[in-house]
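Worksheet: one structure, shown below.
The values are calculated or read from the model by the stated rules, or taken from the named source; none is laboratory data. The model shown is predicted, which means the values in this text are computed figures rather than measured ones. Here the Cβ positions follow ideal geometry from the backbone for every residue, glycine too, while neighbour counts run over all protein chains shown. Areas reflect the complete protein model, heavy atoms only, side chains present, ligands, DNA and RNA absent. Shrake-Rupley method; radii C 1.70, N 1.55, O 1.52, S 1.80 Å.
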Amino acid sequence: MSFTETVLLVLDLLGTFVFAISGVLLAARRGYDITGGLVLGLLAGIGGGMIRDILLDRVPNALAHPIYLAPPLLATLLIYLIGQRTLRARIWIIVFDALGMGLFSLTGTAIALEAGAQAPVALLMGALTACGGGLLRDVVANEDPAIFRGTDLYLIPALFGSGLTILADRIGLLGGVTSVLIAAFAFGFRMLAWRLQWRVPQPMRQWSLRARDGQSRRKRLPAVFRRPD
């Protein structure tokens, strides 16, 4: 295994872990038991990668390499041991989710390129890897999916990281250091977009780059990914 392949494997496992952390933290916020936390951790950590591999006609990494099952297990045990400290986990769910998105936009694209996918397909596979697990996690937890609401620029940072990966590969610069930088850029883009509440154009006369004032509040817990008004 080359140095670059080793770095990509480590980053992929790290992405699995931090995405799983976001799932388990969401389960803790919802008051689920440890098995519920494990389910959300598995969905977030390996869900997007499994969908990607099935579409690429590959044996999913989580099945071909059982080591991919270890990060969700470790994440579940870690959050379980922390206990009550997870009650105010909202910001950490967002941070770990953004970390996973940044890492998976890189590794998902690199895996698709290695499988022989053309650039447009690799771009979509990278975005799917970055967003698919979080989408499954949110749907199962009855949370507003981050890709649809509240976190307006979620898919765009994923496409940004995926596009940078393809560009680096095409010019022959995709290596260990470059991979870390790409993941960091995608993560930074995502967090900046969340912090400033950047929005893509919306229908029904909501064409604004910032959230509107006076949005209605819900009686249930607010969406994790939506900053409070």
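Some points to look at:
- For the pair ILE67 and LEU192, label points projected 7 Å from Cα toward Cβ lie 3.4 nm apart.
- Spin-label model, TYR80/ILE34: points 7 Å from Cα along the beta carbon direction are separated by 0.3 nm.
- Rounded FRET efficiency, nearest 0.05, which uses the C-beta distance separating VAL10 from GLN118 and R0 of 35 Å: 0.85
- The range 96-123 versus the range 1-58: alpha-carbon centroid distance in Å: 14
- The range 1-72, accessible surface, carbon-and-sulfur percent (1.4 angstrom probe): 72
- Solvent exposure of the range 1-150 as accessible area per residue, Å², 1.4 Å probe: 45
- Most tightly packed first, judged by the mean number of other beta-carbon atoms within 10 Å of their residues, the peptides 10-16, 192-198, 55-61 read 10-16, 192-198, 55-61.
- Counting 0.36 nm for each residue step from ALA184 to ILE156 and taking away their Cα separation leaves a gain of 8.6 nm.
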